[in-house]
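What follows is a short report on a single structure.
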Amino acid sequence: MGEMLSVRGPSIMDPRSQEFVDAFGAHLITSGALDELGVRRAQRAQKQSSERFDLVLTRLGLLPEADLTRVLSSFLGMSLAQAADFPIAPVHADRLQASFLKSHHVIPLADESDRLVLAIADPFDTEAIDAVSFLFEQPVSCCLATASEIDAAIERLYASPSSSGVALAIGEPIDADSDDVRRLADLASEAPVIRLVQELITRAAEIQASDIHIEPSETSLRVRYRIDGLLHTVENLPPSLKAAVTSRIKIMAHLNIAERRLPQDGRLKATVRGRDIDMRISTMPTMHGESVVMRLLDRSSVELSYAKLGFSGPKLVQFEQLLSQPNGIVLVTGPTGSGKTTTLYTALTSLNLPDRKIFTVEDPIEYQLQGINQIQVQPRIGLNFASTLRSILRQDPDIMMVGEIRDIETAEIAIQAALTGHLVLSTVHTNSASGTIARLLDMGVADYLLSSTVKGVSAQRLVRKLCDHCARTVSRSPALSKPPATSAPTIVSQSGGQPRAAVGCPKCRETGYSGRTMISELLIMTDGVKDAISSGAKERDIEAAARHDGMVTLYDDGLAKVRAGETTIEEVLRVTRTT
């Protein structure tokens, strides 16, 4: 577990004192956690409010909870509690109440005979530490952990009918099929349930999860976060919480809590540490209750730039040339969660000039774009992609973005718009760029119309990036020494590094990866591709023609990023399924 240092003593300054504000502010800058401008802003706010300087940092949204805990640990010379440090079984559950532990964000990690080891979220709360030391009549050593990590551990280890505030408030389980809607609403409005749901959202936002999955089973309510594209179990709640938690989320999203037989979709907004988080909510009835998925859309963390997406080099030049065309169709394809919408939003941002009128038709609208007319489809009242797109043509647009081409009617209207001088951006759900061409032909689009209107198709995937803090350099494998299977120019990576392997450290939660980047292939409608389409060629023949004319495949683009040390071959194989 490493050496734990007691927090009591002269080394702990008053977090409201000028001495602490100056010293910790300087440490934030030297450690790279915050720039000088951010520190000065926080110092001004602290002076005006007289609040603790560390709390001001999170309330202004300048520093996430996890980052603040990490920087405080290095500043105070304290250890950070890792996931492996938290006990499997509760320590002294007979003498410590969950209500006390949660109110002070403290949890015992181990009793080492000569001392009691605590994980604490607030190193300045010496009263709680002194109280524990007095109760057990032995010295206390402390390490730091985030409040959300400690609260989750308390809920897991100390929750019981006699110790858990949530269990006490809820009482007997409510059957998901019960007609007692008023009772459900009352349960969802209980303070412990409200706090629990808020904590789940806060923790997800802090660790930059993209989705929260709440899945009921016969024996538990499992909570999983999707982080960098992969699901991780973070909580197994008591089954008695199923109806209350689901109802609470439904109330927040303005959904019908009485309807538990049909799927529902909604939206809600939450504020986490000063950041506004938009969430899309989806509920689905299952055998043991309703499954809930909450997609987090953090507008402050989304940067609509090609560089952040991982789009660079000759491929970016080609893509921008497609967008500069006065008319035609540009398509983006890939599976759900591959970043298609972000790519389209980035393209729209670059196209959004004062002399252009831009419309989008989306389901749903994920981010609001300044200066662009965005329309949410509503199939229940007949406002679908096709009908909306047809009406938009009478609004004299220059550029249109259609969320998805799902049927021949939408495809035909998009083609008509392209033929009459409009630039149309859209997505199609296929696995590759050449598969998109085949899919449109299968829909019934005439090959000559397809060749004359579609300018290009970009297929993409998201791969996890290696953690810069722990990745280690490795020698090139034979697979990486092979040249790309294309006649295109050499792929240039921005990092210009060497192949690296995943290791794992506290910064990346021991996964070896942190963040994601895009790999893609861009099919340009060249003469060779047009000839293949008009001759009735199969998908593989269309791909062969595109590769002959310079298309870099998803796999080859992924290998380029492996060679540059941005990701690993395992990640590329995971998303491309190439063997």
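From the list GLY515, GLY550, GLY536, GLY528, exactly one residue is open to solvent by less than 40 Å² (accessible area, probe 1.4 Å) and assigned to a loop (DSSP other than H, G, I, E, B). Which is it? Explain how you work it out, then say what you get.
Values: GLY515 fails: assigned to a loop (DSSP other than H, G, I, E, B); GLY536 fails: open to solvent by less than 40 Å² (accessible area, probe 1.4 Å); GLY528 fails: assigned to a loop (DSSP other than H, G, I, E, B).
Being open to solvent by less than 40 Å² (accessible area, probe 1.4 Å) and assigned to a loop (DSSP other than H, G, I, E, B) holds for just one of GLY515, GLY550, GLY536, GLY528, which is GLY550.
Please go through segment 218-259 and give me each residue that is open to solvent by 40 Å² or more (accessible area, probe 1.4 Å), in a loop (DSSP other than H, G, I, E, B) and touching a residue at least 12 places away in the same chain (Cβ under 8 Å), ordered by number.
Those that are open to solvent by 40 Å² or more (accessible area, probe 1.4 Å), in a loop (DSSP other than H, G, I, E, B) and touching a residue at least 12 places away in the same chain (Cβ under 8 Å): GLU218, THR219, PRO238, HIS254, ALA258.
I'd like to verify a number: residues in segment 282-326 that are open to solvent by 60 Å² or more (accessible area, probe 1.4 Å), in contact with a Ser or Thr (Cβ under 8 Å, 6 or more places away or on another chain) and either part of a helix (DSSP H, G or I) or among the hydrophobic types (A, V, I, L, M, F, W, C) (or both), how many?
Final tally of qualifying residues: 2.
Tell me, please, whether a residue that is open to solvent by 60 Å² or more (accessible area, probe 1.4 Å), out of contact with any Asp or Glu (no Cβ under 9 Å at 6 or more places or on another chain) and among the charged types (D, E, K, R) can be found in segment 374-382.
Scanning segment 374-382, I find at least one residue that is open to solvent by 60 Å² or more (accessible area, probe 1.4 Å), out of contact with any Asp or Glu (no Cβ under 9 Å at 6 or more places or on another chain) and among the charged types (D, E, K, R), so the answer is yes.
Look at segment 469-512 and say how many of its residues are assigned to a loop (DSSP other than H, G, I, E, B), open to solvent by 50 Å² or more (accessible area, probe 1.4 Å), at pLDDT 85 or above and of a type outside the set (A, V, I, L, M, F, W, C).
Looking only at that region, the number is 1.
Does any residue in segment 42-69 that is at negative phi and crowded, with 21+ Cβ neighbours inside 10 Å come within less than 6 Å, Cβ to Cβ, of a residue that is of a type in the set (Val, Ile, Thr) and not in a helix (DSSP H, G or I) six or more places away or on a different chain, and which pairs are these?
Close Cβ pairs satisfying both conditions: GLU65/THR146; THR69/THR146.
Going by what's in this entry, would ALA128 be described as in contact with a His (Cβ under 9 Å, 6 or more places away or on another chain) and at pLDDT 85 or above?
No, not satisfied.
In segment 114-146, what residues are touching a helix residue (DSSP H, G or I) at 6+ places or on another chain (Cβ under 9 Å), part of a strand (DSSP E or B) and not hydrophobic (A, V, I, L, M, F, W, C)?
Across segment 114-146, there are no qualifying residues.
Evaluate segment 106-113: report whether one residue or more is touching a Leu at 6+ places or on another chain (Cβ under 7 Å) and in a loop (DSSP other than H, G, I, E, B).
Checking segment 106-113: not a single residue is touching a Leu at 6+ places or on another chain (Cβ under 7 Å) and in a loop (DSSP other than H, G, I, E, B).
Please pick out the residue among THR349, THR343, THR336, THR410 that is in contact with a Leu (Cβ under 7 Å, 6 or more places away or on another chain) and open to solvent by 10 Å² or more (accessible area, probe 1.4 Å).
Answer to the selection: THR349.
If the requirement is being acidic (Asp, Glu), at pLDDT 85 or above and under 29 Å from the mean Cα position of the chain (by Cα), which of these qualifies: ASP54, ASP22?
Exactly one of ASP54, ASP22 is acidic (Asp, Glu), at pLDDT 85 or above and under 29 Å from the mean Cα position of the chain (by Cα), namely ASP54.
From the list SER312, SER282, SER324, SER301, pick out the single residue that is modelled with pLDDT of 85 or more and either out of contact with any Gly (no Cβ under 9 Å at 6 or more places or on another chain) or more than 30 Å from ARG156 (Cβ to Cβ) (or both). Step through it out loud before you land on a result.
Numbers: SER312 fails: modelled with pLDDT of 85 or more; SER282 fails: either out of contact with any Gly (no Cβ under 9 Å at 6 or more places or on another chain) or more than 30 Å from ARG156 (Cβ to Cβ) (or both); SER301 fails: modelled with pLDDT of 85 or more.
Among SER312, SER282, SER324, SER301, only SER324 is modelled with pLDDT of 85 or more and either out of contact with any Gly (no Cβ under 9 Å at 6 or more places or on another chain) or more than 30 Å from ARG156 (Cβ to Cβ) (or both).
Within segment 374-410, count every residue that is closer than 23 Å to LEU296 by Cα and either touching a Cys at 6+ places or on another chain (Cβ under 6 Å) or assigned to a strand (DSSP E or B) (or both).
6
Any chance you could count how many residues in segment 336-364 are under 26 Å from the mean Cα position of the chain (by Cα), of a type in the set (A, V, I, L, M) and part of a strand (DSSP E or B)?
Selection size over segment 336-364: 1.
Give all pairs with beta carbons closer than 6 Å in which a residue from segment 429-443 that is touching a residue at least 40 places away in the same chain (Cβ under 8 Å) meets a residue that is open to solvent by less than 30 Å² (accessible area, probe 1.4 Å) and part of a helix (DSSP H, G or I); count only pairs at least 6 apart in sequence or on separate chains.
THR430/THR436; SER434/ILE542; ILE437/ILE542
The values are calculated or read from the model by the stated rules, or taken from the named source; none is laboratory data. On a predicted model such as this, the values are computed, not experimentally measured, just so you know. For neighbour counting, all protein chains shown are included, and Cβ atoms are generated from backbone atoms with ideal geometry for every residue, glycine included. Ligands, DNA and RNA are excluded from the accessible area calculation, which covers all protein heavy atoms including side chains. Shrake-Rupley method; radii C 1.70, N 1.55, O 1.52, S 1.80 Å.
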